[in-house]
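Colleague: Once you've had a glance at the structure underneath, I'll fire off some questions.
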Amino acid sequence: MKSKDFLSMLDWNREELDHALLLAIELKNEWKKFGGHSFLPLQGKTIGTIFHKPSLRTRISFETGIYQLGGYSLYITEKEIELGKRETIEDAARVLSRYLSAIVIRTFAQSDIIKLAEWSSVPVINALTDYLHPCQLMADLQTIYEYKGQIDGLKIAYLGDGNNMANSWLETAYHYRIDLRIGTSPETMPAKELIDNVKKGSGKVLITHNPIEAVENVDVIYTDVWASMGAKEKSEENARKLRQFQVNQELLKHAHQDVIVMHCLPAERGREITDDVMESKHSVVFDEAENRLHAQKAILTLLCKD
Ligand code: CP
Ligand code: NVA
């Protein structure tokens, strides 16, 4: 029987998150040094990867990571299983658990993956929902640690839509002693329950509608698309609301001079971030994308170790 899932940063405690981060760094170093691993924790295991939305980074880094750890990745399309339509999520979860050692799923509703996890006897990993993207956050924390040598004590600004990434940053501020500033419009706010939850945690959060206040002297600036997958019809409307939160050279002048700029990607250059910032010395977006591979290998190793 599984010991845990990874549906949210709040599913794991600080010790478990730190353990995963250190393991990710170790796996990255080992892979860079030897081009392979001396241990293969997924040998003989099949991991199902279910995607109901497009993906470049998540799907390819998961499938590659599973292979690098000795396992087999089985890509399952929505057309094939029609989760929740052809049969209930409860039934599908119990059947999938008879074959697979873990389930990686990208879908719309967080409630669907919670249900899937409740009824699965194997670990379920959230590969993005409308509400959260915790695997991205683990890669982001790894990247910040590599560049800054710490996570606690940093000032981090998230600019733009109050979406799954903003929500995941709020969950991170629950665990880590960060000074998180979310710069967004009054109509694109992140989840209220997660803002309230930070008050019970280690970090602090400032929600502001002033982009300069958000980035003043920060160590990290983070942004994401203004309209997420499944909500692209809001693209123009959100662009009007969020225009002043664009990450551009002018805004960067207010941050710390060693600020790093992050974006989960895919980026819509010229909207939430300018081309010159994406290509500037501050941008760490491709290291961040690479770390998806290493961070997820650590998550898989820890969840599938039994
Ligand atoms: N950042 C991220 O999750 O990218 P994909 O949507 O391409 O997987
Ligand atoms: N907020 C974006 C993240 C993409 C990785 C989306 O959900 O489309």
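Colleague: Going through region 108-136 one residue at a time, which ones are more than 11 Å from ligand 2 (Cβ to nearest atom), open to solvent by less than 50 Å² (accessible area, probe 1.4 Å) and in contact (Cβ under 8 Å) with a residue 24 or more places away in the chain? Quick ask: steps written out before the conclusion?
Modeller: Initially, region 108-136 is screened for residues more than 11 Å from ligand 2 (Cβ to nearest atom), giving 109-126, 134.
Still in the list and also open to solvent by less than 50 Å² (accessible area, probe 1.4 Å): 109-110, 113, 116-117, 120-126, 134.
Passing the criteria: GLN110, ILE113, LEU116, ALA117, SER120, SER121, VAL122, PRO123, VAL124, ILE125, ASN126, PRO134.
Colleague: Scanning region 258-293 for residues that are in a loop (DSSP other than H, G, I, E, B) and under 16 Å from the mean Cα position of the chain (by Cα), which turns out nearest to ligand 2 (Cβ to nearest atom)?
Modeller: Taking region 258-293 and keeping what is in a loop (DSSP other than H, G, I, E, B), we get 258-259, 264-268, 270-272, 274, 279-282, 284.
Now restrict to residues that are under 16 Å from the mean Cα position of the chain (by Cα): 264-267, 284.
On the way: CYS264: 5, LEU265: 7, PRO266: 7, ALA267: 10, VAL284: 16 Å.
Among those residues, the one meeting the criterion is CYS264.
Colleague: A follow-up question, please. Hey, does region 21-34 have a residue that's under 20 Å from GLN136 (Cα atoms), crowded, with 18+ Cβ neighbours inside 10 Å, within 16 Å of ligand 2 (Cβ to nearest atom) and not aliphatic (A, V, I, L, M)?
Modeller: Scanning region 21-34 turns up no residue that is under 20 Å from GLN136 (Cα atoms), crowded, with 18+ Cβ neighbours inside 10 Å, within 16 Å of ligand 2 (Cβ to nearest atom) and not aliphatic (A, V, I, L, M).
Colleague: Let me ask something else. Hey, could you check region 85-104 for residues that are within 22 Å of GLN43 (Cα to Cα) and without any contact (Cβ under 8 Å) to a residue 40 or more places away in the chain and say which is surrounded by the fewest Cβ atoms within 10 Å (Cβ to Cβ)?
Modeller: Step one: list which residues in region 85-104 are within 22 Å of GLN43 (Cα to Cα), which gives 95-104.
Within this subset, residues satisfying the condition of being without any contact (Cβ under 8 Å) to a residue 40 or more places away in the chain are 95, 97-98.
Details: VAL95: 13, SER97: 21, ARG98: 8.
The residue in question is ARG98.
Colleague: On to the next question. Being of a type in the set (A, V, I, L, M, F, W, C), assigned to a helix (DSSP H, G or I) and under 27 Å from TYR147 (Cα atoms) narrows it down to one of LEU242, LEU251, so name that one. I'd like the intermediate steps shown before the answer.
Modeller: Numbers: LEU242 fails: under 27 Å from TYR147 (Cα atoms).
Of the residues listed, the single one that is of a type in the set (A, V, I, L, M, F, W, C), assigned to a helix (DSSP H, G or I) and under 27 Å from TYR147 (Cα atoms) is LEU251.
Colleague: Could I ask something else about it? Look through region 45-84, keep the residues that are within 16 Å of ligand 2 (Cβ to nearest atom), among the polar types (S, T, N, Q) and not in a helix (DSSP H, G or I), and return whichever of them is least open to solvent (accessible area, probe 1.4 Å).
Modeller: If we take residues in region 45-84 being within 16 Å of ligand 2 (Cβ to nearest atom), among the polar types (S, T, N, Q) and not in a helix (DSSP H, G or I), then THR49 is least open to solvent (accessible area, probe 1.4 Å).
Colleague: What is the number of the single condition among (1) under 23 Å from GLN110 (Cβ atoms); (2) in contact with a strand residue (DSSP E or B) (Cβ under 8 Å, 6 or more places away or on another chain); (3) within 15 Å of ligand 1 (Cβ to nearest atom); (4) of a type outside the set (Phe, Trp, Tyr) that ALA139 does not meet?
Modeller: Here ALA139 meets the rest and fails (2).
The values are calculated or read from the model by the stated rules, or taken from the named source; none is laboratory data. All of these numbers come straight from a predicted model, not from anything done at the bench. Positions of Cβ are backbone-derived with ideal geometry, glycine not excepted, and every protein chain shown enters the neighbour counts. Protein only, heavy atoms only, side chains kept; ligands, DNA and RNA dropped before computing areas. Shrake-Rupley method; radii C 1.70, N 1.55, O 1.52, S 1.80 Å.
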